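Comments concern the structure below.
The values are calculated or read from the model by the stated rules, or taken from the named source; none is laboratory data. In this text the structure is predicted, and so the values were computed from the model without any measurement. Here the Cβ positions follow ideal geometry from the backbone for every residue, glycine too, while neighbour counts run over all protein chains shown. Note: accessible area is taken over every heavy atom of the protein model, side chains too, but ligands, DNA and RNA are not part of it. Shrake-Rupley method; radii C 1.70, N 1.55, O 1.52, S 1.80 Å.
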Amino acid sequence: MSDLTDKDLLAAEFVLGTLDDSERQQVHRQRQQDGELEQLIQAWEARLAPLGDEVKSIAPGPHLLARIERRIDAVEARAALQHSDDRVTRLRRRITIWRGMAGVSSAAALILAALLVGAPTSSPDQSQFVAVFQQDDQQPAFMLSVNLEQRRLHVMPVTAKPMEDRSYQLWIKEASLGPTPQSVGVLDDDLSIDQSALQQYSPELLKRATFGISVEPSGGSPTGQPTGPAIHGYLYPTQAPGNQRL
């Protein structure tokens, strides 16, 4: 194969975007020194550009961004579980530091959530799920871990603190339960909750459900529905089936 053919193929792959990142950077540097390669790249760009005119633009669905963000959060949560035991130990020590920091990122919040289900093991538990309760990009208020097989839950406050004459209440909402949220329970004075509070719900329902924590009068909502400000979260698996990342 001649040098020209090899170079022509390289230019085509560069324009098509099939090179990996290191190869692409190498070609980018080479084209600045090699006039022939630069001309070939421009020729391929001119040759392929009209194809883009034949592709109709498609507007993304209204829920696409939220789905992408949830997928990223889930990947970050599982990635946290891949670290070694000493990494987990260091993160445990940082929990108290994170509680005092402003603007902790969602990624850090999910790493913290992963700690609720313990260190990674050689036999990953695919029944463990976690949720993060935070408002927009603010520091998370609560973490929730759920073992779907046992339908047991654990609530851990991060920045939330007990309030005088006020109670936090945990809610669940899913289409099969009706149009309004159902109360899971009122958090105790130490911001814990009965670990068996989800026993009546199936694992499949829990996977689909939206969870919320609202601020209510002392003892819980007097109406059976959230009456105060609420923050929401979804359950994400801490480990993909087969110990694989998404």
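When Thr238, Thr223, Thr159 are compared by accessible area at a 1.4 angstrom probe, the order from most to least is Thr223, Thr159, Thr238. Phi-derived couplings, Karplus 6.51 cos²θ - 1.76 cosθ + 1.60 at θ = phi - 60°, listed residue by residue for segment 154-164: 9, 9, 10, x, 9, 10, 5, 10, x, 10, 5 Hz, with x used for Gly and Pro. Among Glu174, Glu45, the sequence by solvent-accessible area, most first, with a 1.4 Å probe is Glu45, Glu174.
Ordered from highest to lowest accessible area with the whole protein assembly present and a 1.4 Å probe, Lys161, Lys207 read as Lys161, Lys207. Taking R0 as 35 Å, what's the FRET efficiency between Ser202 and Leu48 from their Cβ-Cβ distance, rounded to 0.05? The value I calculate is 0.10.
Accessible area of Met156 (1.4 Å probe, protein heavy atoms only, ligands and nucleic acids ignored): about 40 Å².
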